[in-house]
């Protein structure tokens, strides 16, 4: 009798376990990879685009979450230890070889982050150097125009230009300067036909030259301050570039034969970029912009240079057709109803 009493509870447990497996009452387990603004914690509560999306899709079923690295997340989905993953998970050819992905719910891409140069001394020295470099050819041109106007005017305009070459050159350069800048004092005016023809040409040339100088100075004082040593993908060949381990940025760099320094997390890479240990960092654009706005505003910027196109979706085990169909049906419905756009705008338009 005692033996029967011991065996009975075990039989009940086994029967309950079999019943759950047979009729699909197992609680869903989903992997979690923090990636603001898609997945993040605020006062201990999970929030983000993917969290809101998943809660809407899975509103009636219970689930538990499991925090994992990106590599661990993919491995456990493949082994069917977890059903899907929440985070900014993009579809890649390599991942497609062993996983299925739902209908994409967000389109983005990789971008380059660089350090802003806010050192005022070096910044203004750079501006002065650029302006002086732009002025040198103009100064040479002023000498040429001044010499020319003196040569053609010295015989027919003796009062203003008939002087020894040294004084004549000074008079010619003076006239070229006031004419180019449209000041026009009128103290020196050409009287010969060739001189007046040259004056007309020089007047219109002066307008173009002054506009060009103004543009150079304006660019140096505004746009150039925001520019960095990295302005294109080709620049990455000569710069120390960081990526977060396990992200699609790793494959992007490898496919193009570009060198990279791998960091354990985006934040570690941003710290290295801010400290000047690397020159650039490649990562998902919306995630980088969110992190920079919260922690690195004024010291790091994201270049407006999209590197590729990425689609974010839910990864699913190849044999889990039921979950895949459920995800696809819900995502398409939310896109058509506009609910998807509301969720995305809630976090990206702040």
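The values are calculated or read from the model by the stated rules, or taken from the named source; none is laboratory data. On a predicted model such as this, the values are computed, not experimentally measured, just so you know. Neighbour counts run over all protein chains shown; Cβ positions are idealised from the backbone, glycine included.
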>> Given the condition in contact with a strand residue (DSSP E or B) (Cβ under 9 Å, 6 or more places away or on another chain) and closer than 30 Å to residue 100 by Cα, answer yes or no: does some residue in the stretch 224-243 qualify?
In response: yes
> Which residues, taken from the stretch 219-241, are modelled with pLDDT of 75 or more, surrounded by 11 or more Cβ atoms within 10 Å (Cβ to Cβ) and in a helix (DSSP H, G or I)?
Replying inline: 233, 235, 236, 237, 238
> Which ones in the stretch 174-185 are surrounded by fewer than 19 Cβ atoms within 10 Å (Cβ to Cβ) and at pLDDT 80 or above?
Replying inline: 174, 177, 178
> Can we say residue 103 is in contact with a helix residue (DSSP H, G or I) (Cβ under 8 Å, 6 or more places away or on another chain), in contact (Cβ under 8 Å) with a residue 60 or more places away in the chain and outside any strand (DSSP E or B)?
Replying inline: yes
> Residues in the stretch 340-350 that are more than 16 Å from residue 35 (Cβ to Cβ) and surrounded by 15 or more Cβ atoms within 10 Å (Cβ to Cβ): how many?
Replying inline: 1
>> Return the residues of the stretch 228-246 that are over 16 Å from the mean Cα position of the chain (by Cα) and closer than 21 Å to residue 36 by Cα; say none if nothing qualifies.
In response: 245, 246
> Going through the stretch 35-58 one residue at a time, which ones are without any contact (Cβ under 8 Å) to a residue 60 or more places away in the chain, within 22 Å of residue 317 (Cβ to Cβ) and not in a helix (DSSP H, G or I)?
Replying inline: 39, 58
>> For the list (1) at pLDDT 90 or above; (2) under 22 Å from residue 285 (Cα atoms); (3) not in a helix (DSSP H, G or I), I need the number of the one condition that residue 117 fails.
In response: (1)
>> Considering only residues that are assigned to a helix (DSSP H, G or I) and touching a helix residue (DSSP H, G or I) at 6+ places or on another chain (Cβ under 7 Å), which ones fall in the stretch 242-266?
In response: 251, 266
